[in-house]
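Accompanying notes for the structure given below.
Derivation of every value follows stated rules applied to the coordinates shown; laboratory data play no part. Quick caveat: nothing in here was measured; it's all calculated off a predicted structure. In this analysis, Cβ positions are derived from the backbone assuming ideal geometry, glycine residues included, and neighbour counts consider all displayed protein chains.
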Amino acid sequence: PLRKAAAQARHFLIARAAERLELPADALKIEDGLVRGHDNRSVSYGELIGSETVRLELADDVAVKAVGDYAIVGQSIPRVDLPAKATGEPTFVHDIRVPGMLHGRVVRPPYSGVDAG
């Protein structure tokens, strides 16, 4: 179902871009978050959707991309985050220290019904 939902969203974005760019849908392709035409004009997903909430019914007959055509899915990517995690480098927001920083904490009672004050 996830592959079909992604394919349907892709078809929806291409159809919407075809209207916006006044090009046939088969002249469009998706690259790096943009729907691009053969004339190199493009429109981003955000420009196509804006603040609209889009709800699509999942169609049974939507064409999914062939596994051989995948460019991202199934590819190994370098885990550049692992060395910092292994050495404990401060990379999380709660590890940040700035001059003059104040610290606050919620003090909770040991059990319900007790005044922590």
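Below, the figures for the structure above:
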| read-out | value |
| --- | --- |
| Acute angle (nearest 10 degrees) that the helix 2-21 long axis makes with the longest principal axis of the chain, alpha-carbon atoms | 60 degrees |
| HIS38, HIS103, HIS11 arranged by Cβ crowding within 10 Å, fewest neighbours leading | HIS103, HIS38, HIS11 |
| Prolate/oblate/rounded label for the stretch 2-69 (Cα gyration tensor, a/c 1.5) | oblate |
| Fewest-first sequence of LYS4, LYS85 by Cβ atoms within 10 Å of each Cβ | LYS85, LYS4 |
| Dipole-positive endmost among ALA6, LEU82, VAL106 within the chain (Cβ charges, Cα centre) | VAL106 |
| Helix-derived mean residue ellipticity, 222 nm - over the chain, DSSP H n ≥ 4, -39500 (n - 2.57), to 500 | -8000 deg cm²/dmol |
| Along each principal axis, Cα extent of the chain, largest first, Å | 67, 39, 31 |
| Among VAL43, VAL62, VAL98, residue whose mean-square fluctuation peaks in a GNM of the chain (springs only between Cα atoms under 10 Å) | VAL98 |
